[in-house]
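Taking it in order: structure first as structure tokens, then the write-up.
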Amino acid sequence: MRTIRVLLVLLALAVAGRVEAQSSFVVVVNESNPATSITRDELSKVFLKKITVWRNKQPVVVVDQGDKSPVRLQFTRSVHRREITSVQSYWQQQIFAGRAVPPQVRATDAEVLAFVAGNPSAVGYVSAGAALPAGVKPLTVQ
Amino acid sequence: MNTRSRVVSLSLGLALATFAAAPAAAQELTIDKLAVHGYGGWSFGRTTDNLNTNFFLFAHQRGDYFHNEFALNVTAQLSDQLSIVAQPFWHSGHHANQTASGMDYVFGEWKFSDMARLRLGNVKQPFGIYTEVFDVGTLRPFAALSQSVYGPSGMIGKSYSGVGLTGALFADGPLGIEYDVYAGGLETLEEDTPLQMLTQITDTVGRAALNAATTRTWRDVIGGRLILRTPLDGFSVGTSGYTGTRPVTRLGQARDWRRTVVGAHADYTSDAWSLRGEWARERDEANFTADGSYLEGAYRLTTRLQLAATWGTFDTEVENVPAANLAKGKSLLDHEETGFGVNYWFSPNFVVKTSYHLVTGNRFSHPDPTTRFRNLAYNGQLVNETNAVLVSVHLSF
């Protein structure tokens, strides 16, 4: 019985995490991208450039938001489950080891959407309320 | 100006000229394909006892204010497969690492896939936790790395020159593996004057001249590193090793002796905690073995205020040294270090660090210059214990 209760609590936490991920921001890709969903863990690895190709073998082009952006804070806590400062330290490690450089940054939702619309391999995220223009579709985070 | 300095100056000049003269099309290349980063810092160190003549790192009894460094990291992503990475550095200081400039690394990388990236050129040596970011102060809790593994014992090099293969396996799963294999040449900084002194500390005549800290060149090096990323976010374990030959005089023979270094590490980082431990052993065929290990922990009380502690030890075993020499100069072989620090992080890119270190042994903490060190050692007047306070500022962008 106790085990079932624990499992229910864990399930509730998992569902809550998923709701938060879906309510505070929207992950977006180019409309031509065949992907329709991605797991949180995969998304984190994509934005940390640990996964650099889509399942169709096309290279991933990641676009991030500025580190003062509220949506960046929500995305980082929800997807990476870290603070922005930790992610910045991760990128320092990658840069100075000569292994990778951080994703390109766009300052606003509109700029992210324009970048994704113009790049078939791009993935980014915008505020949940942002209107998605033609050429951009949401990617469900599981 | 030496050859290295000329190469660095020429490279920087070309880079600046490119920025200055870039037409509109090249500006697009700059924004999307070229990334420029850098790091640097200033450090002050003082040993607290005026009777204590030992140096430790950049600290000495009168205090040294003149220890500065800066490095520029340039990455050009020329295509999905090809990237070029270079990192020139400048360093000034009064002790140990004197004023210098040069290349940390410059290499080209061809990416076949995430599982296989070919690296050609002069590449940061992948060994343990910190070797690839040896000088980057914003990536560690203390002003300097633990001397127990990263000290000038020749255990780790800065970069290898040759060919390497790196990649990640099972990157989309809960368990990930990162690997490196490489072959070529390697340079290590070795300060083995304490060992030279030990061999002749009981002699009364015929003492040979001492060679101070020197960069040694390794040949025919092969090495690798394996890191296992665990399902516990931020926790990884790894093992590293390399072997090669290097020209030293041992057992009365001046020739290329083979030396092998192996190590293991564990690393856990979260938003608040960083806990790290490493062990490494170097052994060469001239009956020389050294073991180094350390533990390092840091905790952020707030996003800005961090407490840190470290403990490390380094033990050297040299066979064929008379017991009388060991009795008189045992401290020349050993190093034990305990440190506590308080850091204030203005941001992940800018930090002020203060720390206190208690060092026992004279392997990495001893008088300078070498003549003074030699005289005190031969007269049995070395001070075995060193108290040092370090203050440093580190930045990166």
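Some observations on this one:
- Residue pairs exceeding 19 angstrom between C-alpha atoms, taken from B:K33/B:K111; A:K50/B:K111; A:K137/B:K111; A:K49/B:K111; A:K45/A:K68: A:K137/B:K111; A:K45/A:K68.
- Once the Cβ-Cβ distance of B:E285 and B:T214 is raised to the sixth power relative to R0 = 25 Å, the FRET efficiency obtained is 0.80.
- Computed label-point distance, nm, for sites A:L132 and B:V181 using a 7 Å Cα→Cβ extension: 4.4
- Inter-label distance for B:T204 and B:F340, nm, one decimal - labels placed 7 Å from Cα along Cα-to-Cβ: 4.8
- Burial of 40 Å² or greater, segment B:319-350 residues [accessible area, probe 1.4 Å, versus chain by itself]: B:P348
- On a per residue basis, segment A:12-141 carries 43 Å² of accessible surface, using protein heavy atoms and a 1.4 Å probe.
- Net charge of neighbours whose Cβ lies under 9 Å from the Cβ of A:G66, counting Lys and Arg as +1 and Asp and Glu as -1: +1
- Couplings 3J(HN,Hα) of segment A:89-104, computed from phi: 5, 4, 5, 4, 4, 5, 4, 7, 7, x, 9, 6, 10, x, x, 4 Hz, in residue order, whole Hz [Karplus 6.51 cos²θ - 1.76 cosθ + 1.60, θ = phi - 60°; x for Gly and Pro].
- Partner lysines whose Cα lies under 25 Å from the Cα of B:K328, excluding those fewer than 8 positions away in the same chain, are not found.
- In order along segment B:136-150, the phi-based Karplus estimate (6.51 cos²θ - 1.76 cosθ + 1.60, θ = phi - 60°) of 3J(HN,Hα) comes to 8, x, 7, 10, 8, x, 10, 4, 9, 6, 4, 6, 5, 10, 9 Hz; Gly and Pro are listed as x.
- Threshold 30 Å², segment B:139-185 residues less accessible with all protein chains present than alone (1.4 Å probe): B:L139, B:A171, B:D172
- Accessible surface computed residue by residue for chain B, with neighbouring protein chains in place and a 1.4 Å probe, gives 44 Å² per residue.
- Percent accessible area from carbon and sulfur atoms, the protein assembly as shown, protein chains only, probe 1.4 Å: 61
- When chains B and A come together, the accessible area they lose, probed at 1.4 Å and totalled over both chains, is close to 2400 Å².
- At least 15 Å along the helix axis (C-alpha) and Kyte average at least 0.0, DSSP helices within chain B: B:3-21
- Interface burial in segment A:71-120 reaches 40 Å² or more for A:R82, A:Q92, A:Q93, A:I95, A:F96, A:A97, A:G98, A:R99, A:V101, comparing the full protein assembly with the chain by itself; accessible area from heavy atoms with a 1.4 Å probe.
- Inter-part distance where segment B:129-192 and segment B:211-288 are each reduced to a Cα centre, Å: 8
- Residues with amide H under 5 Å from that of B:D334, placed H, sequence gap 5 or more: B:N362, B:R363
- Computed extension gain for B:F397 through B:W273, at 0.36 nm per residue and net of the alpha carbon distance, reaches 42.4 nm.
- For segment B:313-362 and segment B:369-397, distance of Cα centres in Å: 10
- Hits among lysines - C-alpha to C-alpha of B:K158 under 20 Å, sequence gap 8 or more where chains match: B:K124
- Projected label distance in nm at A:Q104 and B:V262, using a 7 Å step from Cα toward the beta-carbon: 4.7
- Highest mobility in the GNM of chain B, judged by mean-square fluctuation with C-alpha springs under 10 Å and restricted to B:A298, B:A272, B:A377, is found for B:A272.
The values are calculated or read from the model by the stated rules, or taken from the named source; none is laboratory data. Everything numeric in this text was worked out from a predicted model, so none of it was measured. As a convention, Cβ positions derive from the backbone with ideal geometry for all residues, glycine included, and neighbour counts pool all protein chains shown. Ligands, DNA and RNA are excluded from the accessible area calculation, which covers all protein heavy atoms including side chains. Shrake-Rupley method; radii C 1.70, N 1.55, O 1.52, S 1.80 Å.
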